[in-house]
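J.: What follows is a single structure, and I will ask about it in a moment.
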Amino acid sequence: MKAGARETGIDTERFRLRRFVEELRQAGEIEVLSASTQLADVARSLEGNARAVLFERVGKEGAPLAGNVMGGRSRLARAFGVSPDKLLAEVLRRLRSAPQVVEVPREAAPAQEVVLTGEQADLTALPVHLQHGMDGGPYISASIDFTVDPSSGWTNVGVRRLMLRGRREAGVDLNSPSDLRALYEAAAKQGKRLPVAFVVGSHPVDYVAAVMRLPVDELGLVAACATRPFPW
């Protein structure tokens, strides 16, 4: 058991993407590519592929990369632990539960196990690839963003693609109306920065919660959908 689980009582391993990918592997629902894959070949392997794909070695760094993990109702149902025909009922059942959000000490948070800052922080070390021919650059396709609304104290949770712009810079699309855009415009009007935390590689259940738009503190949505205390 990791230190975070001992100190908080939360099983942080249970809802890791790695564990879900391993479940797909055991169920034969994922295609595993063990050979080295060039970044330019990732999109070709995913396009039109009905199965999830695990690239064990991508790019010059040889990083692992999973794709199409949520590309089907059966895989989403597996993430919620039910059959596809019971998925909606299970999501609604979980949303009726009382969410529990707990504050985790920094030293106990798994996300703080490795921290890179300054020159050590390098987004190009990640397996970020060009996804579509008309894209303006490589993208991280599924990041979850967490932003605190200063006016209410609530946390907004959303899903956005991150466009790679350099070793320490990425951009998101805020042209379309969204809660994040409203929060950004409010901060900009006051001449303030808007802190945002982006999480890449979450469990599928977290993504389902992140795309919901309900007038609540959305940390609770993530906790309720996962039926676990959400560490914050």
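The values are calculated or read from the model by the stated rules, or taken from the named source; none is laboratory data. As the structure is a computational prediction, the values presented were derived from the model and not from experiment. Methodologically, a virtual Cβ is constructed for each residue, glycine included, from the backbone with ideal geometry; neighbour enumeration extends over all protein chains shown. Areas reflect the complete protein model, heavy atoms only, side chains present, ligands, DNA and RNA absent. Shrake-Rupley method; radii C 1.70, N 1.55, O 1.52, S 1.80 Å.
J.: Once all Cα-Cα distances of the range 44-148 are split into 5 Å bins that start at 0, what whole-number percent is in each one?
T.: It works out to 2, 8, 11, 15, 17, 16, 15, 11, 4, 0, in whole percents.
J.: At a 1.4 Å probe, what is the % contribution of carbon and sulfur to the accessible area of the range 96-232?
T.: Here it works out to 55 percent.
J.: Might you tell me the accessible area per residue for the range 81-155, computed with a 1.4 Å probe and given in Å²?
T.: 65
J.: Which of Asn49, Asn156, Asn175 moves the most in a Gaussian network model of the chain with Cα springs under 10 Å?
T.: Of Asn49, Asn156, Asn175, the Gaussian network model singles out Asn175 as fluctuating most.
J.: What is the spin-label model distance, in nm, from Val211 to Glu113 if the labels are put 7 Å beyond Cα along the C-beta direction?
T.: 2.9
J.: Write down the Kirkwood hydrodynamic radius of the range 87-141, to one decimal in angstroms, obtained as one divided by the mean of 1/r over all alpha carbon pairs.
T.: Averaging 1/r across every pair of different Cα atoms and inverting gives 16.0 Å.
J.: Counting only the backbone N, which residues of the range 154-195 are under 13 Å from the spot 7 Å out from the Cα of Ala43 toward its beta-carbon?
T.: Answer for this model: 164.
J.: Can you say what percent of the DSSP beta bridges in the chain, counting only those with both residues inside, are antiparallel? Round to 5.
T.: DSSP beta bridges in the chain are roughly 70 percent antiparallel.
J.: Distance from the Cα centre of the range 169-183 to that of the range 25-53, in angstrom?
T.: 30
J.: What is the pair-distance distribution P(r) of the range 155-228, computed from all Cα-Cα distances in 5 Å bins starting at 0, with each bin given as a whole percent?
T.: 3, 13, 22, 24, 19, 12, 5, 1
J.: If you don't mind, another one. Classify the range 110-188: rounded, prolate or oblate, from the alpha-carbon gyration tensor (a ≥ b ≥ c, eigenvalue square roots; a/c under 1.5 rounded; otherwise prolate if a/b is larger than b/c)?
T.: Oblate is the answer for the range 110-188, as a/c is 1.5 or above yet b/c matches or exceeds a/b.
J.: Also: Can you find, among Leu92, Leu126, Pro177, the residue sitting farthest towards the positive end of the charge dipole of the range 58-211, where Lys and Arg contribute +1 and Asp and Glu -1 at Cβ?
T.: With unit charges placed on the Cβ atoms, the residue in question is Leu92.
J.: If Met163, Met70 are ordered by their accessible area, calculated over protein heavy atoms with a 1.4 Å probe, which sequence runs from highest to lowest?
T.: Result of the area sort, largest leading: Met70, Met163.
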